[in-house]
Amino acid sequence: MAVIASSVNSLQLLVDEEVASLQYNAYPVLNRIQKKVAGQKVIKWNANVGGATVTGEATTADVATFSEDSVIGASLAIGTNRLRHSFQVQKEDIEEAKNAGRGALRDLLGYEVQSGIRAILEKLSGVIYSGTGIAADGGVVGLSVAVAAGIYANIDPTTYAAWTPYLNTNGTNRSLTQALLLSVETGILTKAGNYTAIYTSPVIVEAYKKLFSASIINPQLNNNIADLGFSGVTYAGRPIIADPYCTANAMYFVNEPEVTLYSYGQSNTQNNNGMQFAIESLPSSNPDALKYAIYVKPQLQVKTRNKGIAGLLAIQ
């Protein structure tokens, strides 16, 4: 059997095992969107921002004008920021675990690793929506930026109008109405876009249920028990995802094949289901404590902005 001399390498194997066995059910957006590993510090892709024109003319006319779509390089940085959880373990606890018997040390360190990964996934689930690209967000540029009117992936929609997603917002929060939902659906169709799911907060899901509660004519009776709840929530056949980490007062209409969560790949980590976490030891000023940091370097990509996302904001 191979002997692993480095405690960090041993912990990295433990991290890899935990990530490989992750169940993302508690993190709705992570559970549904595709995940990949990036090997470069910039995620690059070509964005077609339109521009080709069509001329109607007689067959006797000379062809004197030519045009084509503009294909612009889109890019998002990755690998220069991280989401980190750090922990320390007392050496006497490690020694005690060693003496306790087989598996005790693994349980001790495994608890710390599991807690760290959970904390990171909770933070990551939030910045996928609210991230603005700053270091405190792990560098993640979230859905709130992708759906806004400004620059995204270094392309300015004031220069390339086709790079603009549909957005319905307001200065103050409004009650969710069927008219607002229809306006978003119309806006998406006008841009020849699509959406496969709607992400929102549990509070907005409850507002949606109340909006259509009058449509329930008869309660469902099972063994003479009235069931007045909802077994699922959809709109136009698409699921409405109640995500506790979603931005408040918002609904994101997402075309999920257009959205990818990347994590930066490093030589000391493994690709597990498209996610790469790393662990490293930290200097310790306490001779009786070992300190470690678990971290991930993420980025979110909305590939075709005008067709990949739409927003209904300022609702309640």
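The table that follows gives values for the structure above.
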quantity: Expected-Rg normalisation [2.2 N^0.38 Å, Cα atoms] applied to the stretch 24-158; calculated: 1.76
quantity: Apportionment of accessible area to carbon and sulfur, the chain, percent (1.4 Å); calculated: 51 percent
quantity: Estimated vicinal HN-Hα couplings, Hz - the stretch 128-137 in sequence order (Karplus 6.51, -1.76, 1.60; Gly, Pro = x); calculated: 4, 8, 9, x, 10, x, 7, 4, 5, 9
quantity: Inter-probe distance in nm under a simple model that places probes 7 Å from Cα toward Cβ, at residue 189 and residue 289; calculated: 6.1 nm
quantity: Where a label projected 7 Å from the Cα of residue 175 along Cα→Cβ would reach, residues of the stretch 287-316 with amide N under 16 Å; calculated: 315-316
quantity: Centroid-to-centroid separation of the stretch 87-103 and the stretch 127-184 [C-alpha atoms, Å]; calculated: 48 Å
quantity: Rounded if a/c under 1.5, otherwise prolate or oblate - the chain, Cα gyration tensor axes; calculated: oblate
quantity: Nearest-0.05 FRET efficiency for residue 41 and residue 99, computed from C-beta distance (R0 35 Å); calculated: 0.20
quantity: The stretch 143-184, relative contact order [Cα under 8 Å, separation at least 6], %; calculated: 30 percent
quantity: Accessible surface ranking that places the most exposed of 62, 288, 137 first, with a 1.4 angstrom probe; calculated: 62, 288, 137
quantity: Approximate spin-label separation residue 26-residue 71, in nm, with each point projected 7 Å along Cα-to-Cβ; calculated: 4.4 nm
quantity: Relative contact order %, the chain, counting alpha carbon pairs below 8 Å whose residues are six or more apart; calculated: 30 percent
quantity: Protection proxy ranking, peptides 144-155, 167-178, 234-245, average beta carbon neighbours within 10 Å, highest first; calculated: 144-155, 234-245, 167-178
quantity: For residue 94, solvent-accessible area (1.4 Å; no DNA, RNA or ligand), Å²; calculated: 30 Å²
quantity: Reachable lysines from residue 35, criterion Cα separation under 29 angstrom, eight or more residues apart if same chain; calculated: 44, 123, 191, 297, 303, 307
quantity: Heavy-atom surface of the stretch 72-215, accessible at 1.4 Å and reported per residue (Å²); calculated: 49 Å²
quantity: Principal-axis tilt of helix 178-190 within the chain, Cα atoms, nearest 10 degrees; calculated: 80 degrees
quantity: Accessible solvent surface per residue of the stretch 260-316, calculated while the other protein chains remain in place, 1.4 angstrom probe, Å²; calculated: 36 Å²
quantity: With Cα atoms, 0 to 90° folded angle of helix 7-20 axis to the chain main axis; calculated: 40 degrees
quantity: For the stretch 1-91, diffusion coefficient by Stokes-Einstein and Kirkwood Rh (Cα), 25 °C, 0.890 mPa s, µm²/s; calculated: 124 µm²/s
quantity: Principal semi-axes in Å for the stretch 85-181 [√(5λ), Cα gyration tensor, largest first]; calculated: 47, 17, 10
quantity: Rounded to 10°, Cα long-axis angle of helix 202-212 versus longest principal axis of the chain; calculated: 40 degrees
quantity: Ranked packing of 126-136, 83-93, most packed first, by mean Cβ within 10 Å; calculated: 126-136, 83-93
quantity: Relative packing of peptides 251-261, 115-125 - highest average C-beta neighbours within 10 Å first; calculated: 251-261, 115-125
quantity: Using a Förster distance of 25 Å, the FRET efficiency for residue 92-residue 8 (Cβ separation, nearest 0.05); calculated: 0.80
quantity: Volume of the Cα convex hull of the stretch 246-316, divided per residue and given in Å³; calculated: 156 Å³
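The values are calculated or read from the model by the stated rules, or taken from the named source; none is laboratory data. Quick caveat: nothing in here was measured; it's all calculated off a predicted structure. Backbone-built Cβ (ideal geometry, glycine too); neighbour counts: all protein chains shown. The protein model used for the area step is the full one, side chains on, heavy atoms only, and it has no ligands, DNA or RNA in it. Shrake-Rupley method; radii C 1.70, N 1.55, O 1.52, S 1.80 Å.
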